[in-house]
1. Hey, can you find the accessible area per residue of the chain for me, probe 1.4 Å, expressed in square angstrom?
2. Out of the total accessible area of the stretch 513-599 (probe 1.4 Å, heavy atoms of protein only), what percent is carbon and sulfur?
3. Can you tell me the orientation of helix 285-310 relative to the chain, as the angle in degrees between its alpha-carbon axis and the longest Cα principal axis, to the nearest 10?
4. Among 706, 343, 164, which residue has its Cα furthest toward the positive end of the charge dipole of the chain, with +1 on Lys/Arg Cβ and -1 on Asp/Glu Cβ?
5. To the nearest 10 degrees, how steeply does helix 494-510 sit against the main Cα axis of the chain, on a 0 to 90 scale?
6. Would you give the gap between the C-alpha center of the stretch 493-522 and the C-alpha center of the stretch 368-437, rounded to a whole Å?
7. Cα axis of helix 44-66 to longest principal axis of the chain: angle in degrees, 0 to 90, nearest 10?
8. I need the phi-derived Karplus couplings for the stretch 82-91: 6.51 cos²θ - 1.76 cosθ + 1.60, θ = phi - 60°, integer Hz, Gly and Pro marked x.
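The values are calculated or read from the model by the stated rules, or taken from the named source; none is laboratory data. Please read all numbers here as calculations on a predicted model, not as lab measurements. Cβ: placed from backbone, ideal geometry, glycine included. Neighbour counts: every protein chain shown. Note: accessible area is taken over every heavy atom of the protein model, side chains too, but ligands, DNA and RNA are not part of it. Shrake-Rupley method; radii C 1.70, N 1.55, O 1.52, S 1.80 Å.
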Amino acid sequence: MSEGGRSQGWFAKLAAGVIIGGVEVVLAVAFAALVFTGATPARLGDGIGLYLVAAALTLGFLAWRAGTRGVVGSVQDAATAVLSILALSTATKAINIMRICQTASVGRCETPDVFLTVVAATLVVTLSCGAIFLVLGTFRLGNLVRFIPYPVVGGFLAGTGWLLFKGGIYIASGVELNFGTLRGLRVSSDLLVSPVTLKRWLPALAFGVILYLAVRLVNRPLIIPIVLGIGLGTFAIGMLATGSSIDAAKHGRWLLGPFESVRLWQPWALRAITGADWSAVLSQWAGIATAVFVATIAILFNISGTEVVLHRDLDTNEELRDAGALNVISGALGGIPGYHALSLTALAERMSVDARVAGLIAAAVPLAGVIFGASLIELIPRMIVGGVLVFLGLAFLVEWVWDKRKVLPPLEYGVVLVILAVIIGRGYLPGVVVGLVLAVVLFAVNYGRIELVREVTFGETYHSNVDRPPAERALLRTMGERVQILLVNGFVFFGSANGLLERIRKRAETDPPRFLVIDLRRVTGVDSSAVVALVKVMHLAEASGFELVFTGASEPVRRQLARGGMVASEVVRFEPDLDRGLQRCEEGLLRDEEVVVQVPEADGDALAGMPSGLRTHLERMELADGTVLIHQGESPDDVYLLESGRLRVETVTERGTRIRLRTLRPGVVVGEVAIYSGDPRTADVVAEGPSVVLRLSKASIERIEAVDPELASALHRWLATTLAGRLGDSLKAFDALLD
């Protein structure tokens, strides 16, 4: 054993590679049968050759690029299930064009090759997958697809399981399950229970169920190849017991063969460029987009699952880039989409072999099948191929219809069932349309349940940071019901705007406030429905006689509101933040009560509490409007006492937004906290209008402590009392700011 527990024995690596390659051959053959049996059954052998080359390329390329990370690749089922429908539709249109051409009475026209048209459709799907994977990985957008609601993804994957399941039944019996109409259901039922078809699809169904149960119950890395070997052995014993020859089995459609061509691979993709009916291919753009969409969802699920299997984190964008390059190359050769394989990765992991070496050995197995021709591949029983597709389909169906019933909430589980029912009844494309609609509805319902609006009480905690006299503050605390404050979060859209409007209307009808404050600081955006709702609030304010104050609205939100007619007026006001909005409300309430704000002047009440004898140590400074007295981040060298005027304390957030923390009136000390702590200044202090401050330097404090201990003690008691008196309000203000 090597470091990390990896086996270095070449026998183990060879065994793992052969087993992985054998499983990949069966998958490639099954997928080719799924795509080509319905569209061009006579050319199934050529289709198998294309997909075997794609399988070899997928195994080899991902072993080279991602094998060191433990990843094993495989051609994939999710996109192939949708591709089978796309191939049938494309082939049908090409055949119709051919018939029209053949029945034309005059002239001569070129009839398209149906097989090459299906190859062209495969080429477009795989190249598109590669391009999308590369774009997502290059621009690091791997998480975008994960915004699709989980139950919608589940519905798509459950529908994919149904396509695989019914494809397996069709390959085994030649009868397609059709639930689109009652007549189709009746015809399918009659054909399926006929003695001829019953003995064909029942063994395939039984084999698929047994394979699924074995994988689910035993959960061992070798269980798939073991069950496949048992299935092949059982079929061989059945032929010997009934005395059937290989030729009889071929002509009786028990085996995949006989094929028209002995060579399994030719450059069909190159020939499709000139020989395909490209109008028929491009007319299926919706199906192509659906196949790419499903493949993109599936690869992200597989990458996440691979991380669990390997017990390590993978760079999603790197994995997408590798898978994108693979699909561009494979698509150019006519191959189907391929990427990370959970089961094969788990097999290599549990056998403790190097995934790169095992993958390269495995790539040689489907390549050998192509080299040695069709004589070996055409001996594979249809019941095995159909059973593998039934197994893959059951894996999707059971997981999302049965296993998730107790995991998902009832509404989300219902979404899975609705999408699956539409896919079964009407087809995959209608199911995708319904799924996308349900994604929007599900988002609206779930997002609408989130409490995006929170109402808080004005007066105690939610007030402005203006340092008002105690009498004014006490009066404002009694007016809490006259200001309604609503804090709005997130994106306001049609699902939440109506709830906001109804909350405001209910209050306006019972006890209209004097001011309605709507804080939009945490609103990321508004849609047109939200703008209409807020315009209705404006009309409600005009009718009820209250003032509407918007605070903290970003520029994009302001522009959106302005487009809807919401601009500043006598009824509507916009303030830069909640603090200034509440200041406007407080000043309006005080004016309503005819409270005269008394501003103490110099040497009056402003400095009444200052220790006597301190004035001789103070330096008087006159400040013009806008002068920055203290700069955020500078060293604390001085303490200031505001003698007259006003000071504004403000700070700058990480986003560059300037926030007012407090407005100070005369008699207030500024800068004492930093003097005691020694830390740099935490905020700017700016003069609001002409102001006068008294400066007490750090050197003066040290001199007072040295020559007049009694004055120093009085000074520190005064500063401590002032600080303690403001601490309660400051903590509440910061709590409100951080909320």
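1. 45
2. 47
3. 80
4. Positive-end residue among those listed: 164.
5. Taking the Cα atoms of the chain, the angle to 494-510 is about 40 degrees.
6. Cα centroid to Cα centroid, the span is 48 Å.
7. The angle comes out near 40 degrees.
8. 3J(HN,Hα) across the stretch 82-91, in whole Hz: 6, 4, 4, 5, 4, 5, 5, 5, 5, 5.
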